[in-house]
Each structure stands twice: as C-alpha cells, then as structure tokens.
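The structure appears right after this line, and notes come after that.
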C-alpha cells in the first residue's frame, strides 16, 4: 500500500492496527490461545507485529513519501530501525505489568504528523531527532 502511494490508507490501517494491538492480548486470553496452541509464544509474535506496525512501516512511509531529504533517506531510516530493534530485543524492555521502559517506538505517530502536516524533509528529520 505504501509502495503504491496510498499513504492515507496505510496510515488508517496503522491506526486500526493500534486499536487491535490494544485488545489482542485480552481476546487471546479469553480464547485460551496459550492452552490451545502451547507452542506459540504470543508475546514474541506481538513484539514482531509491533515492530512492523510501529517502526518498519512508518519508516518506509517516511522514505517512500519523500518526507526525508533526498539522497539521505535510507541512512536516516536506519537509525530508528536499528534503535527500535535494539529496544524491542531487550529482555528487560517491559515492567512486570507489561508496560514498556524507555522511549516508546511510536514512529507511526511521527509518520502520521509529518504526512498530515505536509512536513518538508528537513522538518521531518528534526521531528525524528526529537523523538529519540
């Protein structure tokens, strides 16, 4: 969808994924998924989906929608991709009650505002720098 230039639709789906992420654990527990499919680690799957939705797709959108400086977009998106991968891979990334520690990887919010506000590439880099 992003590669096709359908950015508004991609942002809407990222918003929907945000709502689903807020409820999927509750539904999985209610359906007793852990008992039915004991070999599946729902927390690991959730982290993978979170990384894709909150980091990878938004960074791809920033790059593809030309919201980053020409010729520098690829290395600029590598910074949040790597930093967020490091954050998601930390064993102590969450508190005992499952809240994240440190800066959250909500690059979907950054991408949303940069797109909606029609941010020029320099401003996008500034926004991204502030979110680190």
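With respect to (1) touching a strand residue (DSSP E or B) at 6+ places or on another chain (Cβ under 9 Å); (2) surrounded by 14 or more Cβ atoms within 10 Å (Cβ to Cβ), the lone exception for residue 24 is condition (1). In the set (1) surrounded by fewer than 15 Cβ atoms within 10 Å (Cβ to Cβ); (2) at pLDDT below 85, residue 86 fails one condition alone, (2). Which number in (1) surrounded by 11 or more Cβ atoms within 10 Å (Cβ to Cβ); (2) more than 17 Å from the chain's Cα centre (by Cα); (3) free of Cβ contacts under 8 Å to residues at least 40 places away in the same chain marks the one condition that residue 71 misses? Unmet condition: (1).
A single entry from 52, 19, 45, 13 fulfils the requirement of being surrounded by fewer than 11 Cβ atoms within 10 Å (Cβ to Cβ) and without any contact (Cβ under 8 Å) to a residue 40 or more places away in the chain: 19. Applying the condition of being surrounded by fewer than 23 Cβ atoms within 10 Å (Cβ to Cβ) and touching a helix residue (DSSP H, G or I) at 6+ places or on another chain (Cβ under 6 Å) to segment 56-67 and asking which residue is farthest from residue 5 (Cα to Cα) yields 63.
The values are calculated or read from the model by the stated rules, or taken from the named source; none is laboratory data. Predicted model, so just to flag it, every value in this text is computed and none were measured. Using ideal geometry, Cβ is built from the backbone for each residue, glycine included, and neighbour counts are taken over all protein chains shown.
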